[in-house]
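Have a look at the structure below, then the notes.
The values are calculated or read from the model by the stated rules, or taken from the named source; none is laboratory data. Predicted, not measured: the structure shown is a model, and the values here were computed from it. Here the Cβ positions follow ideal geometry from the backbone for every residue, glycine too, while neighbour counts run over all protein chains shown. For the accessible areas, the whole protein counts, side chains as well, though only heavy atoms, and no ligand, DNA or RNA atoms are used. Shrake-Rupley method; radii C 1.70, N 1.55, O 1.52, S 1.80 Å.
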Amino acid sequence: NDYKTSNIIAALHWGLENGGTGTFDIATAGAYCIEDTKIEVAVEDTGSFVAADFEFVRDDYGSSIFIRLETPAGEDDPTIIVEDSWGNSISSGCFNEIKSFDGLPLSCWNNFHLEITGSPESDIDNYYVKFITDDADVADNVIGAGHWEESVGWGEELRLDRETMPHVLVRIDDDNYWFGPLDDGGDDDDNDDRNKWEEKKAGDSTTNPFPSFVGNRISDLVFFKSRLGFVSGENLILSETDDPFEFFRTSVTQVLPSDRIDIQSSLNNITYLNHVVPFADQLLVFSERAQFIVSYGNQGLTPQTASLSLLSSYDSSPTVKPKALDNSVIFARNKGAASDVMELYPTGSTNKSFEARNLTAHIPSYIKGDVIDIRTSSLAQCILVRTDETVDEDDYDTGPKLYVYKFFDTDKGRVQSSWSKYLFNHYVKNILFFDFIGPDCRIVNELTVANTSADGTGTSKYVLDTIRFDNTDDITYSLDSVVDNSVCLFTGTVGAHTLGYDSAEDWTIIKLPYEISTNDDYSPVIVNDSGVTGTILAAPINSDDGRELVKVSGDWKTDAAFNYGASFLSEYEFSKQYLKKGNLQGEPVPVIDGRTTIRFVECYFSNSQLMKLEASFPDLNRDSTVKTFTGTTVGGAILGDQTEETGTLRLFVGARNDAPTIRLFSDTHQTATITGASFSINYNNPMLQR
């Protein structure tokens, strides 16, 4: 019995707790005895601590004894030395740390922490464990059977600050949203209790540091392969798989494939990452002067396999997020007074082979200012670009605008493309936001509204507009800043004006949902659902009562449906026309020798109501010529109705190819749908005749 570890522990317990010295047997040790033994015990106090300062508890589940200091004496912790006559190989003791996990007891104080130090030459293999009793109701400092779990070091910062982390927009119902820090929705005001970002559960600042975005600016975010990702500084950080709020390793004893990923660019120079774009099954990362792809091989996206590989070295805007479009990525590069729009696309040779083409190479100064936003639509085959171009609210021609790139692709490549600009009405102060939902572009406009208050200050209201760029609707009229009858008022009074239909005067006064400024360029139009226009008597009524009242001839209160808005100028200017021939490389180049004369131009249209084709000659002493199509055929029009026709509009030009400015335009609300154009050209080269 003297060799049983349970008896040895019982003897140590008796000696330590009672200061016992002598033979440990039933006669002397009484209730401490497990079995009758002849173990010799000798106890003596040394140093500044005495046995009476400690609590000693024997392990009923194994061969351990637990020692707890009841009343700390001074700042120094006690030193516990465990020795045996077998070279200290059959017994061990620990206080804050132990070299190996092997041999830890199967019972201990609940929530007792230990550091497993591993190799003394390195801090990387250190980790921490805590004991969890099987009885969940056991309090701390109560010993019970249980198991050891990996844990965090003592004194560690555990949490991300939800106030400085990205916030969330939560839909409450159809009309209400909530925006704020990410939390669990609890009622406790304490930040720690409500924080939904996962806290550190293992390791310390060396083995499980905070993600690299802590203390740095987060410039973009992405969701890719069930991971939430942030771009910050020189790093791309991706959360744990299937847990977007976990940015710590769940274990430091091994690297799990699902652990967070925190990788840096492979370039030698400092490279700050700005944007990240999911593209097909890949992830592209943009810096100001380079593009990277996240490589991870056939093993999947894991901390062991992920890396940032250099893809290309094009300049790109650090503030404008690139957008994926079909099989390419659209990005901007600012160059001072104007900007370029680039298209990055795979060449197909390898999954890391990409090239970029300049979509604005032929119009290098067309897009004025620096690009501040890009939106794309595959359905509308369209790219919208917004810049920081200065807006003059009093000048129609320099109001807010969107630059529009329309294209048509087939299996043989891009067969048509063009740039244009969408100019907003003069009373639109600012474009706050725009994006595509399917083929529809939704735009939130800020309107400058006149205020009749004594101080003369202006106010702003916000309007959601919808624009289509795919030409798939049966459009019967084109109006800007459209207001339909469902949001207008027809009853009540505003100042001296009575809303609704006045049968004696045969007019209707309508209140719009917002005021509209007057301007010479503004042409108000009211159209019913049949395309019949009404006569505007006053739009808007300019009085001290406001400018949201419109007076229309006739009874419009009982009309089933109508829209009120502004007509706008829609125009297309043709580029200069040249004959082309192939150069030595087979590329088409313009023929500039000899004389090229444009005889006439033809435009083809469908379901159109009105358009004008004009040739002007700014550098010649010659009047402009205009051909107008009205959409009206003899005997085919109904009074008050808008007719449509499909056909051809031809205009004689008779001038050198680089002299005229040829444009199509419509300045009414009537629609014009262009399907194509052709030029008849004469070419003469006297040198060839000789």
Against the definition (in a strand (DSSP E or B), open to solvent by 10 Å² or more (accessible area, probe 1.4 Å) and within 30 Å of residue 342 (Cβ to Cβ)), how does residue 311 come out, yes or no?
yes
Pick from 116, 98, 132: which is in contact with a Leu (Cβ under 7 Å, 6 or more places away or on another chain), surrounded by 13 or more Cβ atoms within 10 Å (Cβ to Cβ) and under 25 Å from residue 248 (Cα atoms)?
98
Are any residues in the range 420-438 open to solvent by 30 Å² or more (accessible area, probe 1.4 Å) and of a type outside the set (Ser, Thr, Tyr), and if so, which ones?
421, 423, 429, 430, 432, 433, 435, 437, 438
Which residue, of 203, 297, 215, is small (Gly, Ala, Ser) and in contact (Cβ under 8 Å) with a residue 60 or more places away in the chain?
203
In this structure, does residue 221 turn out to be open to solvent by less than 10 Å² (accessible area, probe 1.4 Å), part of a strand (DSSP E or B) and either of a type outside the set (Val, Ile, Thr) or under 25 Å from residue 161 (Cα atoms) (or both)?
no
Using the structure shown, decide if residue 263 is farther than 18 Å from residue 203 by Cβ and assigned to a loop (DSSP other than H, G, I, E, B).
no
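Return the residues of the range 592-601 that are open to solvent by 30 Å² or more (accessible area, probe 1.4 Å) and either not in a strand (DSSP E or B) or not aromatic (Phe, Trp, Tyr) (or both); say none if nothing qualifies. Walk me through how you get there before you give the answer.
Residues of the range 592-601 that are open to solvent by 30 Å² or more (accessible area, probe 1.4 Å), as a first pass: 592-595, 597, 599-600.
Hits for the range 592-601 are 592, 593, 594, 595, 597, 599.
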What's the total number of residues in the range 320-370 that are at positive phi and in contact (Cβ under 8 Å) with a residue 60 or more places away in the chain?
1
Regarding the range 517-534, can at least one residue be identified that is modelled with pLDDT under 85, part of a strand (DSSP E or B), under 27 Å from residue 463 (Cβ atoms) and charged (D, E, K, R)?
no
In the range 266-285, what residues are part of a strand (DSSP E or B) and either without any contact (Cβ under 8 Å) to a residue 60 or more places away in the chain or open to solvent by 10 Å² or more (accessible area, probe 1.4 Å) (or both)?
273, 274, 275, 276, 277, 278, 279, 282, 285
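Residues are listed down the side, and each one gets a yes or a no for (1) in a loop (DSSP other than H, G, I, E, B); (2) at pLDDT 85 or above; (3) out of contact with any strand residue (DSSP E or B) (no Cβ under 9 Å at 6 or more places or on another chain); (4) open to solvent by less than 80 Å² (accessible area, probe 1.4 Å):
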site	(1), (2), (3), (4)
2	yes, no, no, yes
8	no, yes, no, yes
20	yes, no, no, yes
35	yes, yes, yes, yes
45	yes, no, yes, no
55	no, no, no, yes
72	yes, no, yes, no
Please verify whether the range 587-601 includes one or more residues that are modelled with pLDDT of 90 or more and among the polar types (S, T, N, Q).
yes
Which of (1) under 45 Å from the mean Cα position of the chain (by Cα); (2) open to solvent by less than 60 Å² (accessible area, probe 1.4 Å) does residue 553 not meet, given it meets every other one?
(1)
Apart from one, (1) at pLDDT below 85; (2) open to solvent by 50 Å² or more (accessible area, probe 1.4 Å); (3) farther than 20 Å from residue 667 by Cα; (4) part of a loop (DSSP other than H, G, I, E, B) all hold for residue 476; the odd one out is (3)
